[in-house]
Amino acid sequence: MVINAEVLCTNFIVEHNISIAVTEHTGPLFRKMFPDSAIAKEYSCSRTKTSQVITCLAKNDADLLTSKLKTQPFSIATDGSTDMDSVKLYPVLIKTFDNASGEVACQLLAIRECTERSTGENIFKILDSEFIARNIPWDNCLSFATDNASVMVGKHKGVATHIKQKNPGVFVVGCACHLMHLAAKKGCKCLRYQMDDLLVEIWYFIDKSQLHHKRIIELQVEHGQEVKKILKHVSTR
């Protein structure tokens, strides 16, 4: 029962993206919260042990996902990290139907490094080597989701082209947000003012005044619209 409690707590920490530094305090906290609990008295899962449990949970989840991908259809997605570093990280994301929950689930299969140039061929090799190592057939892959960069969807050397050589039936899904952002960025160059600055000024005009904030709410209600908060413009897509 103690092991079960430690695993459940560790899983909770990972699921909610909580720093594992808190595990140095969970044991003493549980003993104060539940002084009459035998499990709380024996609970001992600080940072080092939690790290090891996370490693085991990650491997177990990846193995379970791998077994599914060998027998049922799935979709794959990836994109390179934008950190300014000599090594780029490529997460291998999988979407597949989970029979247990009856829903489509998105799971992380692996995060692979690319130490070479980020060409379509090299990125594909990362995906392909992961599939080969896990004996996952490309025939089960239904679609490939990515942004619209030429290195990803280029007709001749893009990642999608290499994937289609493995499975010609793969459907390539580009990112609509990426396309809209590029179109808006190009379109704004034709304007006589900086659209980014204008949007930020509008946000400050409304958000920093109670009167303006009240009036924008009244305007939405008057036109039968759902009342929504005005979000501040940021450069991130």
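Tabulated values for the structure
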| read-out | value |
| --- | --- |
| Test result for Pro35, more than 19 Å from the chain's Cα centre (by Cα), not in a helix (DSSP H, G or I) and not assigned by TED's automatic domain parsing to the domain that holds Gly174 | yes |
| Residue check for Cys177: over 20 Å from Phe74 (Cβ atoms) and without any contact (Cβ under 8 Å) to a residue 24 or more places away in the chain | no |
| Residue match in the stretch 33-53 (condition: under 21 Å from Gln107 (Cα atoms), in contact with a helix residue (DSSP H, G or I) (Cβ under 8 Å, 6 or more places away or on another chain) and of a type in the set (A, V, I, L, M, F, W, C)) | yes |
| Qualifying positions in the stretch 68-108 - among the aliphatic types (A, V, I, L, M) and either over 18 Å from Arg134 (Cα atoms) or assigned to a strand (DSSP E or B) (or both) | Ile76, Ala77, Met84, Val87, Leu89, Val92, Leu93, Ile94, Ala100, Val104, Ala105, Leu108 |
| Scope the stretch 116-144; condition in contact (Cβ under 8 Å) with a residue 24 or more places away in the chain and of a type in the set (A, V, I, L, M); matching residues | Ile123, Ile126, Leu127, Ile136, Leu142 |
| Tally, over the stretch 62-97, of residues that are without any contact (Cβ under 8 Å) to a residue 24 or more places away in the chain, exposed (fewer than 14 other Cβ atoms within 10 Å of the Cβ) and closer than 27 Å to Thr119 by Cβ | 4 |
| Which numbered condition Glu113 fails, given (1) loosely packed, with under 14 Cβ neighbours inside 10 Å; (2) touching a residue at least 40 places away in the same chain (Cβ under 8 Å) | (2) |
| Residue count, the stretch 19-48 (criterion: more than 13 Å from Ala5 (Cα to Cα) and in contact (Cβ under 8 Å) with a residue 40 or more places away in the chain) | 0 |
| Some residue of the stretch 180-198 being in contact (Cβ under 8 Å) with a residue 40 or more places away in the chain and under 21 Å from Tyr90 (Cβ atoms) | no |
| Residue list for the stretch 149-158, filter: surrounded by 15 or more Cβ atoms within 10 Å (Cβ to Cβ) and out of contact with any Ser or Thr (no Cβ under 7 Å at 6 or more places or on another chain) | Ala149 |
| Selection status of Leu231, touching a Phe, Trp or Tyr at 6+ places or on another chain (Cβ under 9 Å), without any contact (Cβ under 8 Å) to a residue 40 or more places away in the chain and either over 30 Å from Met152 (Cα atoms) or assigned to a helix (DSSP H, G or I) (or both) | yes |
| Total residues in the stretch 98-110, condition surrounded by 15 or more Cβ atoms within 10 Å (Cβ to Cβ) and over 17 Å from Pro73 (Cβ atoms) | 1 |
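The values are calculated or read from the model by the stated rules, or taken from the named source; none is laboratory data. These figures come from a predicted structure and were not determined experimentally. Methodologically, a virtual Cβ is constructed for each residue, glycine included, from the backbone with ideal geometry; neighbour enumeration extends over all protein chains shown.
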